[in-house]
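Working notes, beginning with the structure itself.
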Amino acid sequence: MFIGAQVSLYPMTSNFVDVIMTGLDALSPYKNDLRIETDDMSTLMVGAPEPLFDAIRDLFAASAKRPEHVTMHVTFSRGCPGEPDDPSCRCETLEKAQDQSLKDRQALAAEAVAQAPDLGVALDVQFSLYVMGSGDHMDEIYGCIDFLKTSGTFHKSKNFCTRLRGDAGAVFETLRQAFLRFGPAEGHVTIDMTASANSPSLG
């Protein structure tokens, strides 16, 4: 399986270079676990979902600890049939999910969010989960929505997406669980996500 994300960070300040560099410093602990490639549009991160989501969480959290308004757009993907298998992307959670009921996966997802670390960084996220293919994909999406509403990070539903709000630790764990526990374990699943912190619109 191939698991990765395209990440773009957008500081809303003329001092954007310092904000971006602050965020990039937070990636140092993950450089041995992820393949990281940066160009002028985005940063590609490839690897197992544990370091992948932690790295993106810490990138944004480090940037958001500064006072500037900062946003980030991320496209997560797993199981894309157009990508080669990558052994670094092996995921025990996905392997076990093949034999778990939707109800069991919802319970495990909620438990993981409850155990997420508190990073002391508040943020808002809106995201959409896309389960590619036919069959019972809407059952999986509705099952994910039911999990989100009990996750403790659910803020509200919107057209085409769901809003989350809370500490970065819990919010990114909610995203990771949505990505891993819903949709076929061997199927193609993506998440389109935008995060925001320190927005003057909330003041």
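A Cβ distance below 6 Å, combined with a sequence gap of six or more or placement on separate chains, defines the contacts here; from the range 12-36, residues that are on the phi < 0 side of the Ramachandran plot and of a type in the set (G, A, S) reach residues that are open to solvent by less than 50 Å² (accessible area, probe 1.4 Å) and not in a loop (DSSP other than H, G, I, E, B) in the pairs G23/L9; G23/L59; G23/A62; G23/S63; A26/D58; A26/L59; A26/A62.
Out of the residues in the range 149-174 that are assigned to a helix (DSSP H, G or I) and under 30 Å from R66 (Cβ atoms), which is nearest to the chain's Cα centre (by Cα)?
By that ranking, first place goes to F172.
Strands (runs of 3 or more DSSP E) wholly in the range 21-97 with at least 1 residues that are charged (D, E, K, R) - which ones?
Qualifying strands (runs of 3 or more DSSP E): 35-38, 70-78.
Number of residues in the range 170-203 that are touching a His at 6+ places or on another chain (Cβ under 8 Å), open to solvent by 20 Å² or more (accessible area, probe 1.4 Å) and more than 19 Å from V131 (Cα to Cα): the value is 4. Would you mention how many residues in the range 149-168 are surrounded by 20 or more Cβ atoms within 10 Å (Cβ to Cβ) and not polar (S, T, N, Q)? Within the range 149-168, residues that are surrounded by 20 or more Cβ atoms within 10 Å (Cβ to Cβ) and not polar (S, T, N, Q) number 3.
The set of residues in the range 60-76 that are within 12 Å of the chain's Cα centre (by Cα) and either under 12 Å from V121 (Cβ atoms) or crowded, with 21+ Cβ neighbours inside 10 Å (or both) comprises F60, M72, V74, F76. Only residues that are farther than 12 Å from R176 by Cα, of a type outside the set (V, I, T) and open to solvent by less than 60 Å² (accessible area, probe 1.4 Å) were counted across the range 36-54, and they come to 4.
The residue that is most open to solvent (accessible area, probe 1.4 Å), counting only those in the range 100-148 that are part of a helix (DSSP H, G or I), without any contact (Cβ under 8 Å) to a residue 60 or more places away in the chain and within 30 Å of E68 (Cα to Cα), is A114. Screening G23, G82 for residues that are of a type in the set (G, A, S) and more than 19 Å from the chain's Cα centre (by Cα) leaves exactly one candidate, G82.
The values are calculated or read from the model by the stated rules, or taken from the named source; none is laboratory data. In this text the structure is predicted, and so the values were computed from the model without any measurement. Here Cβ is always computed from backbone atoms with ideal geometry, including for glycine, and neighbour counts include all displayed protein chains. Just the protein is used for accessible areas: all its heavy atoms, side chains included, with ligands, DNA and RNA removed. Shrake-Rupley method; radii C 1.70, N 1.55, O 1.52, S 1.80 Å.
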